[in-house]
Amino acid sequence: MKMTFRWYGEKDSIPLSFIRQIPGMSGVVTAVYDIPVGEVWPMDRIKRLKSLCDKAGLEMEVIESVPVHEDIKLGRPTRDRLIANYAETIRRLGKVGVRCICYNFMPVFDWLRTNLHTPRADGSNALSYCHEELMALDPHNLHLPGWDESYTQDELETLLSAYADMTHEQLFDNLVYFLNGIMPACDEAGINMAIHPDDPPWDMFGLPRIITGPESYEKLFAAVPDLHNGITLCTGSLGAARENDMVKMAGTLAKRSYFAHLRQIGFAGEKDFFECGHQTAEGSLDMYGIVKALVENGFDGYVRPDHGRNIWGEDGKPGYGLYDRALGACYLTGLFEAVEKASALK
């Protein structure tokens, strides 16, 4: 296991020097963020990012993410050119030592929350989701926390219209087409693709979600058996669906989990949840059980603490402040050390 930390590049308010000081931290998870989706990442930009990480004493082995263009998800005629561009970016990343790319195949929105600053009893604030509140929104006049500046209303309506007749099976077929198109580049570069589950893992606004639970992964591996086709096990995303047994899934999927986003959520209703401190006692997921299942079933990938609260007066990027994620990293590192040592004694 290698512990990593999400870093949003040179504009991130958290410097690499701070991340380097977190005990047990091996590297950062980052990306080139200002290249238009679908274009090949310039080699000089990739090398600059790698150089910054090297100088800070941190590895850059995980990229999150190389976004997938909506035309690929929609199966439009332009997809072959866009997939070729994606494959070239994979080859370039492989040349600087990247070993894993986290990506998603969610139409339009890659995550949804209804409040980015929900007050908690301990004085912190965190991300939260209320299903009834989300479903009450008008898709034709949509305002979502964290997304209001991502699209104009006209752009959003055009995208939603494009997906109006998209079925789950069609979207899945488009995912398979994409993966088959990039697997040769992954084989050449030695890079694993780690698909992130849908967040939350259910349909909304008429948009199909296809990476939602164990059956999704069985279907995905059967369709694209190449071992470079793997997953990002995100406990908070998958765990939001009560029917997903996260301890069981961690064990079953350990060897195809090349990346793990380990975060804690607390249930506040059938489909309502809030994000909280990483410890098992803080929420509804058995973080110890999840780590134990990963270790005992051969997980040997990258881990990062996911979605921290804003604590101690920090006014950080929602979900991505320094302090709570640093605490989470230390807690998770301790869990892995304890489980690995106990497992070695058996």
Notebook entry, point to check: Which of the residues spanning the range 68-85 are surrounded by fewer than 23 Cβ atoms within 10 Å (Cβ to Cβ) and assigned to a loop (DSSP other than H, G, I, E, B)?
Noted result: 69, 75, 76, 77, 78
Next item on the list: Exactly one condition in (1) aliphatic (A, V, I, L, M); (2) at pLDDT below 95; (3) within 29 Å of residue 91 (Cβ to Cβ) is not met by residue 156; state its number.
Entry: (3)
Checklist line | Extreme residue, modelled with the lowest pLDDT, among residues of the range 206-229 that are outside any helix (DSSP H, G or I) and within 22 Å of residue 163 (Cβ to Cβ) | finding: 206
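I'm trying to understand the selection: among the residues of the range 296-311, which are on the phi < 0 side of the Ramachandran plot and surrounded by 21 or more Cβ atoms within 10 Å (Cβ to Cβ)? Spell out the reasoning first.
Kept after step one, since they are on the phi < 0 side of the Ramachandran plot, are these residues of the range 296-311: 296-297, 299-306, 308-311.
Correct list: 299, 301, 302, 303, 304, 305, 306, 308, 309, 310.
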Next item on the list: Considering each of 325, 304, 309 in turn, give the residue that is out of contact with any Leu (no Cβ under 9 Å at 6 or more places or on another chain) and basic (Lys, Arg).
Entry: 325
Check: Can you find a residue in the range 202-214 that is open to solvent by 30 Å² or more (accessible area, probe 1.4 Å), within 23 Å of residue 272 (Cβ to Cβ) and more than 20 Å from the chain's Cα centre (by Cα)?
Finding: yes
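Can you give me the ranges of the strands (runs of 3 or more DSSP E) entirely in the range 86-201 with at least 2 residues that are of a type in the set (Ser, Thr, Tyr) and either buried (at least 18 other Cβ atoms within 10 Å of the Cβ) or on the phi < 0 side of the Ramachandran plot (or both)?
125-129
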Checklist line | Filter pass, residue 235 being open to solvent by 10 Å² or more (accessible area, probe 1.4 Å) and of a type outside the set (D, E, K, R) | finding: no
Margin query: One residue is enough: does the range 292-312 have a residue meeting the conditions over 20 Å from the mean Cα position of the chain (by Cα) and under 30 Å from residue 9 (Cβ atoms)?
Written below: yes
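Check whether at least one residue in the range 30-48 is hydrophobic (A, V, I, L, M, F, W, C), in a helix (DSSP H, G or I) and touching a residue at least 12 places away in the same chain (Cβ under 8 Å), and report yes or no. Even if it seems obvious, please write down each step before you answer.
Step one: of the range 30-48, the residues hydrophobic (A, V, I, L, M, F, W, C) are 31-32, 35, 37, 40-41, 43, 46.
Those still in the list that are in a helix (DSSP H, G or I) too: 43, 46.
Adding the requirement that they be touching a residue at least 12 places away in the same chain (Cβ under 8 Å) leaves 43, 46.
Checking the range 30-48: at least one residue is hydrophobic (A, V, I, L, M, F, W, C), in a helix (DSSP H, G or I) and touching a residue at least 12 places away in the same chain (Cβ under 8 Å).
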Next item on the list: Kindly establish whether residue 26 is under 30 Å from residue 332 (Cβ atoms) and in contact with a strand residue (DSSP E or B) (Cβ under 6 Å, 6 or more places away or on another chain).
Entry: yes
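Could you identify the single residue in 259, 299 that is in a loop (DSSP other than H, G, I, E, B), in contact (Cβ under 8 Å) with a residue 40 or more places away in the chain, within 19 Å of residue 61 (Cβ to Cβ) and not acidic (Asp, Glu)? If you could, list the steps in order and put the result at the bottom.
Numbers: 259 fails: in a loop (DSSP other than H, G, I, E, B).
Residue meeting the stated conditions: 299.
Filter the range 327-346 for residues that are open to solvent by 30 Å² or more (accessible area, probe 1.4 Å) and among the aromatic types (Phe, Trp, Tyr) and give the result.
The initial filter retains those residues of the range 327-346 that are open to solvent by 30 Å² or more (accessible area, probe 1.4 Å), namely 327, 330-331, 333-334, 337-338, 340-346.
Selection gives 331 alone.
With the requirement that a residue be open to solvent by less than 30 Å² (accessible area, probe 1.4 Å) and over 18 Å from residue 89 (Cα atoms), what does the range 27-67 give you? It would help to see each step written out before you state the result.
Filtering the range 27-67 for residues open to solvent by less than 30 Å² (accessible area, probe 1.4 Å) gives 27-32, 38, 41, 46, 49, 53, 56, 58, 60, 62-64, 66.
Passing the criteria: 27, 28, 53, 56, 58.
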Next item on the list: Examine the range 277-287 for a residue that is crowded, with 17+ Cβ neighbours inside 10 Å, among the aliphatic types (A, V, I, L, M) and assigned to a loop (DSSP other than H, G, I, E, B), and state whether such a residue exists.
Entry: yes
Checklist line | Within the range 238-276, considering residues that are over 19 Å from residue 134 (Cα atoms) and of a type in the set (Phe, Trp, Tyr), the one least open to solvent (accessible area, probe 1.4 Å) | finding: 259
Margin query: Could you check the range 14-40 and list, in sequence order, the residues that are under 20 Å from the mean Cα position of the chain (by Cα) and more than 30 Å from residue 338 (Cβ to Cβ)?
Written below: 31, 32, 33, 34, 35, 36, 37, 38
Notebook entry, point to check: From the list 237, 284, 257, which one is closer than 25 Å to residue 176 by Cβ and touching a helix residue (DSSP H, G or I) at 6+ places or on another chain (Cβ under 9 Å)?
Noted result: 257
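Could you please find all residues in the range 312-326 being open to solvent by 10 Å² or more (accessible area, probe 1.4 Å) and either of a type outside the set (D, E, K, R) or in contact (Cβ under 8 Å) with a residue 24 or more places away in the chain (or both)?
The initial filter retains those residues of the range 312-326 that are open to solvent by 10 Å² or more (accessible area, probe 1.4 Å), namely 312-318, 320, 322-323, 326.
Selection gives 312, 313, 316, 317, 318, 320, 322, 323, 326.
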Notebook entry, point to check: Out of (1) surrounded by 17 or more Cβ atoms within 10 Å (Cβ to Cβ); (2) at pLDDT 95 or above; (3) of a type outside the set (Phe, Trp, Tyr), the odd one out for residue 15 is which?
Noted result: (1)
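The values are calculated or read from the model by the stated rules, or taken from the named source; none is laboratory data. Predicted model, so just to flag it, every value in this text is computed and none were measured. In this analysis, Cβ positions are derived from the backbone assuming ideal geometry, glycine residues included, and neighbour counts consider all displayed protein chains. For accessibility, only protein heavy atoms count, side chains too; no ligands or nucleic acids. Shrake-Rupley method; radii C 1.70, N 1.55, O 1.52, S 1.80 Å.
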